[in-house]
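Worksheet: one structure, shown below.
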Amino acid sequence: LADAFFTCQKNVLLAKSTSTQVEGIFAASRGRSVPEEQEALLQQWLELSPASDTAPAVGKVSAALASDWLEGSELLMTSLSDLNSAPEVTWCAGQQLAELHTLASSEPRDHAVAELAKLPAEETVAVVGSAPWAAVMPQTDHQIVGCATIDVEGQNEDPAVLAWSLARDAEIVPVEPSAWTIQNMEQFQPLPAELPYHEILWRDWEDLFVQPYVPEQVSGNVPLFEFRVMSYNILAQDLVEQGFDLYLHCHPDILNWNYRLPNLLQEIQHWDPDVLCLQEVQENHYWEQLEPTFRMMGFECFYKRRTGRKTDGCAVCYKHSKFQLISVNPIEYFRPGLDILNRDNVGLVLLLQPLLPEGLDLKMVSPLCVANTHVLYNPRRGDVKLAQMALLLAEIDKIAKTAEGSYYPVILCGDLNSVPDSPLYKFIRNGQLSYHGMPAWKVSGQEDFSQQLHPRKLLAPLWPSSLGVTDNCQFVSVCPSKKSDRRKYSRDFLLQFHFCDAACERPPQLIFLEGVTDAKPDRPAHWPKHAAVVNDPDSQPFFPRSSGVIQHGLNLTSVYSHFLPQRGRPEVTTMPMGLGATVDYIFYSAEPMENGDRGGRRLYQDGALKLLGRLSLLSEDVLLMANGLPNPFCSSDHLCLLASFGLEISSL
């Protein structure tokens with residue numbers, strides 16, 4: 001009986017307090033006997049519990065519990081009031097109430113009532129008046145499993161609910177829950193937090209296609225090929241074991257791969273993406289567990305392990321019922337002898353052909369280029385990040401470019417280890433970056449090293465020409481012929497600068513020589529004025545190799561806005577050391593708007609590839625309520641990203 005009331009007491013505090021508060025309270029209370037509180041609680045249960053276990057009585061108890069919980073913290077303010085009104089939870093409460101009557105009818109009851117009478121009046125009122133203590137009844141393991149299973153089965157119909165129903169598998173929810181170990185080595189049973197976590201980490205599905213349309217069609221009777229794309233850093237187990245200091249807030253049991261794997265698979269299966277881009281996929285887990293499971297789910301999978309001694313990599317999977325493979329190109333960023341490309345990160349670029357229903361020609365829909373990568377983490381090495389991204393964009397340029405010089409629709413997923421509006425993010429989204437003289441730490445925006453005395457700075461050219469990649473992020477082999485470049489440096493072109501303003505300006509330190517340096521040259525009337533190079537209007541502006549400017553022509557924009565207007569807080573995709581940040585992205589091809597430049601930020605509108613919807617992200621304060629990432633509900637230190645797209649079906 002003492003353990004039952006102690007667990008009840010702990011569960012309520014755990015739900016309504018931070019972990020440090022709970023540890024402090026129970027470290028103090030576990031070492032001493034609290035018979036007065038136990039007996040007062042038992043007396044309160046007896047007062048609340050009617051003589052019979054009829055349905056109206058159970059409903060009355062549920063209503064009382066709901067009102068008590070509304071006095072608690074926001075953590076469970078709404079979730080438990082809804083749960084208490086649900087029939088499946090009321091059924092659980094009936095079972096708990098029956099067990100409570102059994103406890104009350106046993107020998108400790110008389111002893112508890114007798115001891116209760118000995119308490120001082122003010123002490124009795126103080127203990128019994130604590131209504132929130134009665135909000136959670138002691139539960140047996142089969143009750144926890146039964147409640148969670150019934151509720152999750154009902155919620156699985158809602159696509160906006162992250163309910164993995166782990167309790168359905170006996171191997172996932174053990175009969176004997178493991179005890180949580182606190183700093184003073186005292187132990188208590190963990191809160192059955194599946195339902196509260198479910199409420200806290202609720203993620204809404206946002207429909208973004210604002211034009212009126214019927215399913216599978218847009219206005220103008222242009223049909224769409226619809227598909228979903230998920231990007232997910234699933235946290236390689238080897239990296240967990242190498243960096244336990246990053247996960248001190250987590251109980252060791254939830255970091256176990258045997259616990260995490262079913263959670264991850266259940267989440268992926270629940271959202272049912274058609275294209276799946278994964279980062280931090282451990283090689284042995286991929287071949288032994290993930291790839292066979294994905295094949296049973298209808299995926300074709302491709303994997304690229306990081307170079308060197310790294311044991312994880314990237315994977316791209318697609319539903320073979322929705323796409324057909326045209327080509328696959330793995331990318332290794334490591335280049336021997338180049339300091340700017342001496343890291344082991346990798347990427348994958350696939351070209352997929354959407355499969356249309358019978359009777360429709362495949363040529364009526366454009367191929368789709370899907371890229372996935374995991375860029376270097378080191379916040380100080382922005383030069384490496386830029387070079388890796390340039391290699392990836394060059395590969396996409398080669399794979400996605402059509403014979404006419406345009407591009408197939410592109411979707412770029414990955415963990416880029418850069419925050420929104422950082423120079424690297426702007427380079428991808430705006431298509432251009434002037435980097436010369438920029439501190440390397442500033443590229444990703446992850447940390448502020450402005451106090452560093454001698455920071456590494458980016459100098460032009462960022463990478464040597466031997467890499468075979470131009471400043472336009474194109475491979476030299478696919479660039480236009482050099483004849484067009486020669487025209488830009490023809491004699492007539494260079495003569496334009498003979499009498500330019502800079503050439504006619506007398507340097508102040510120039511030694512005066514009469515008849516030699518005393519006269520300022522005047523431009524002859526017939527001399528052509530200085531003019532910029534005239535290029536093909538469809539081509540990109542030309543920059544010399546050492547100008548310190550890199551660019552690309554893929555026209556990419558982000559699925560997410562990186563801000564939650566309803567909460568007034570930024571979105572986060574990960575929480576390293578308890579600090580929320582956005583580093584994971586899904587970029588997709590769009591059409592630049594005419595005169596669509598707002599404060600250096602390029603504006604886009606949907607083209608052939610249309611963004612139909614996305615799974616909302618969470619803010620830092622919400623994740624802190626769930627004890628950060630990972631937690632018992634989300635088994636990675638990143639949130640998954642999910643977007644729905646529509647590709648126009650028309651004659652190309």
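Per-structure values
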quantity: Check on residue 275, crowded, with 18+ Cβ neighbours inside 10 Å and over 24 Å from residue 323 (Cβ atoms); calculated: no
quantity: Residue within the stretch 362-375 that is within 25 Å of residue 443 (Cβ to Cβ), open to solvent by less than 10 Å² (accessible area, probe 1.4 Å) and not hydrophobic (A, V, I, L, M, F, W, C) present; calculated: yes
quantity: Subset of the stretch 218-254 (residues that are part of a helix (DSSP H, G or I) and open to solvent by 10 Å² or more (accessible area, probe 1.4 Å)); calculated: 237, 238, 239, 241, 242, 244, 245, 246, 247, 252, 253, 254
quantity: Criterion (touching a Lys or Arg at 6+ places or on another chain (Cβ under 8 Å), without any contact (Cβ under 8 Å) to a residue 60 or more places away in the chain and among the acidic types (Asp, Glu)) met by exactly one of 344, 383; calculated: 344
quantity: Subset of the stretch 317-346 that is open to solvent by 20 Å² or more (accessible area, probe 1.4 Å) and of a type in the set (S, T, N, Q) - its residue that is nearest to residue 272 (Cα to Cα); calculated: 321
quantity: Sole residue being without any contact (Cβ under 8 Å) to a residue 12 or more places away in the chain and within 23 Å of residue 472 (Cβ to Cβ), chosen from 434, 406; calculated: 406
quantity: Any hit, the stretch 417-427, residues being open to solvent by 30 Å² or more (accessible area, probe 1.4 Å) and under 23 Å from residue 478 (Cβ atoms); calculated: no
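Matching residues to (1) within 30 Å of residue 434 (Cβ to Cβ); (2) among the small types (Gly, Ala, Ser); (3) open to solvent by 10 Å² or more (accessible area, probe 1.4 Å):
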| residue | (1), (2), (3) |
| --- | --- |
| 556 | yes, no, no |
| 568 | no, yes, yes |
| 576 | yes, no, yes |
| 585 | yes, no, no |
| 597 | yes, no, yes |
| 606 | yes, no, yes |
| 614 | no, no, yes |
| 624 | no, no, yes |
| 627 | no, no, yes |
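Condition check ((1) in a strand (DSSP E or B); (2) closer than 25 Å to residue 353 by Cα; (3) free of Cβ contacts under 8 Å to residues at least 40 places away in the same chain) across all residues:
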residue	(1), (2), (3)
276	yes, yes, no
285	no, no, no
289	no, no, yes
300	yes, yes, yes
309	no, no, yes
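The values are calculated or read from the model by the stated rules, or taken from the named source; none is laboratory data. Just so we're clear, the structure is a prediction, and the values are computed from it rather than from any experiment. No Cβ is skipped: glycine too gets one built from the backbone with ideal geometry, and neighbour counts run over all protein chains shown. These area figures cover heavy atoms from the full protein model, side chains too; ligands, DNA and RNA do not enter into them. Shrake-Rupley method; radii C 1.70, N 1.55, O 1.52, S 1.80 Å.
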